[in-house]
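Here is the structure we will look at.
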Amino acid sequence: MDITPLDADEIGMPVAVITGGWSRERDRALLSGKTVADALTDMGVKAHVIDLVDSGWGLVNGLGDAAKAFLAIAGRGAEDGRLQGLLETLSVPYTGSGVLASAIGMNKLHAKTLASAAGVCVPRGIRIDPTAAADDEAVRVSHLLGGLPVMIKPVSEGGSIGVQVATTVERLSLALEQLDVADGEMMAEVFHQGRSVSVGVLEDARGAVHVLPVLEARTPNGVYSYAAKRGTAACDYHWPARVSPITLADLEHQAVTAHRSLGCHSYSRHDFVVGDDGSAWWLEVNTLPGLSKGGNLARMATVGGISYELLLTHILRGADIDRRTRP
Ligand SMILES: Nc1ncnc2c1ncn2[C@@H]1O[C@H](COP(=O)(O)OP(=O)(O)O)[C@@H](O)[C@H]1O
Ligand SMILES: [Mg+2]
């Protein structure tokens, strides 16, 4: 993909880097925000950081003369369309996907419904009924999903917060009994044993897409957990992922289909699990994936010959999308 360095008009441009927020991914968002702001400053952009803590007024007042908002933030209240809607109403161009794709992408059940209608291969999943007795719900879930094990996870979280595998009805029932209300709505999904892989998609201003080298994160039990993502549990990374050419082509095709069917713009990162037979199951889209320099998207780009600075340049230019015609 051909990304040209910032030109004379872009250098010196005032840009607000929006980071932090109040979601459970706040600490990782702050890390992305800091590395993005530092890199943009080194590139000659007039970057200033806004921490979207718990009130939109801090954002509105902090935008100042910003010509664009660079979103280095994740999770609820920021990656789910709310921040995008506010910026749109204020007529401030912002990076990444619009309101609709952000809102759908943050809800794993809705995202899977749309992606699967476009031909993407998704694990069967259902919403957990929080009003049902845990024992009854465990039986219903395992029956509807065709047996165990099942993956239980929040519908609208990220960073592997709250994901757990249940291998018996008793464990499933216990897990349902102990659900954390802070995780919000929960879902259960068929557990596919395999390796976790992630696929980055970049889309240029004309709508042409480019898929970055696929990343594999290998953990002992196959789950790319909260601890593994934070480097406190064992995890081996492989770039590019060790998959066959047929599986690689399938992963690329599914990621692009998901990006387009959900209406994502500019960039997105898609998580899959690949079974031992090579079948690829799409789990979710990250419309605002982490952007720290050592993070997954940046590393995928670097392996694909795109420096961190050029990746940020591409993302920054994505704010030029005309949102009046693209939701
Ligand atoms: N249905 C599933 N089968 C097997 N592994 C899964 C499944 N769902 C999630 N996982 C594992 O849990 C990780 C986190 O799940 P994911 O759906 O990507 O949520 P998050 O938004 O928290 O990243 C995945 O990368 C994968 O390792
Ligand atoms: Mg994920």
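The values are calculated or read from the model by the stated rules, or taken from the named source; none is laboratory data. All values derive from a computational prediction rather than experimental measurement. Neighbour counts run over all protein chains shown; Cβ positions are idealised from the backbone, glycine included. To get the accessible areas, we keep the full protein, side chains included, count just its heavy atoms, and leave off ligands, DNA and RNA. Shrake-Rupley method; radii C 1.70, N 1.55, O 1.52, S 1.80 Å.
Table for the structure above
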{"item": "Above-threshold pairs, the threshold being 26 Å between Cα atoms, out of Lys68/Lys293; Lys108/Lys229; Lys112/Lys293; Lys68/Lys112; Lys153/Lys293", "result": "Lys112/Lys293; Lys68/Lys112; Lys153/Lys293"}
{"item": "Thr41-Thr325 pseudo-label distance in nm [points 7 Å out on the Cα-to-Cβ vector]", "result": "3.8"}
{"item": "Spin-label model distance (nm) - Trp239 vs Asp276, 7 Å beyond Cα toward Cβ", "result": "3.0"}
{"item": "Estimated FRET transfer efficiency when R0 is 45 angstrom, pair Leu109-Asp65 (beta carbons, to 0.05)", "result": "0.65"}
{"item": "Span from the the stretch 252-327 Cα centroid across to the the stretch 94-140 one, whole angstrom", "result": "19"}
{"item": "Computed over the chain: relative contact order in percent, which uses C-alpha pairs under 8 Å that are six or more apart", "result": "21"}
{"item": "Residue-span extension gain [Asp204 to Thr167] - 0.36 nm each, minus C-alpha spacing", "result": "9.0 nm"}
{"item": "Residue (of Ser173, Phe272, Cys235) at the positive-pole extreme of the stretch 168-275, dipole from beta-carbon charges", "result": "Cys235"}
{"item": "Residue-averaged [θ]222 nm for the chain, counting only DSSP H segments that reach four residues, each worth -39500 (n - 2.57)", "result": "-10000 deg cm²/dmol"}
{"item": "Neighbour-limited loop hits for trypsin sites (Lys or Arg not before Pro), the stretch 235-327 (at most 14 other Cβ within 10 Å; DSSP other than H, G, I, E, B)", "result": "Arg242, Arg324"}
{"item": "Most to least packed among 118-125, 22-29, 282-289 [average Cβ atoms within 10 Å]", "result": "282-289, 22-29, 118-125"}
{"item": "Spacing of the two label points (7 Å from each Cα toward its C-beta) at Gln178 and Ala117, in nm", "result": "3.8"}
{"item": "Within the accessible area of the chain (1.4 Å probe), percent carbon and sulfur", "result": "56"}
{"item": "Anisotropy class of the stretch 103-257 from Cα gyration tensor, a/c 1.5 cut", "result": "prolate"}
{"item": "Per residue accessible area of the chain, 1.4 Å probe, in Å²", "result": "43"}
{"item": "Relative contact order %, the stretch 125-190, counting alpha carbon pairs below 8 Å whose residues are six or more apart", "result": "47"}
{"item": "Linear extension gain, Trp57 paired with Tyr226, 0.36 nm per residue minus alpha-carbon span", "result": "57.7 nm"}
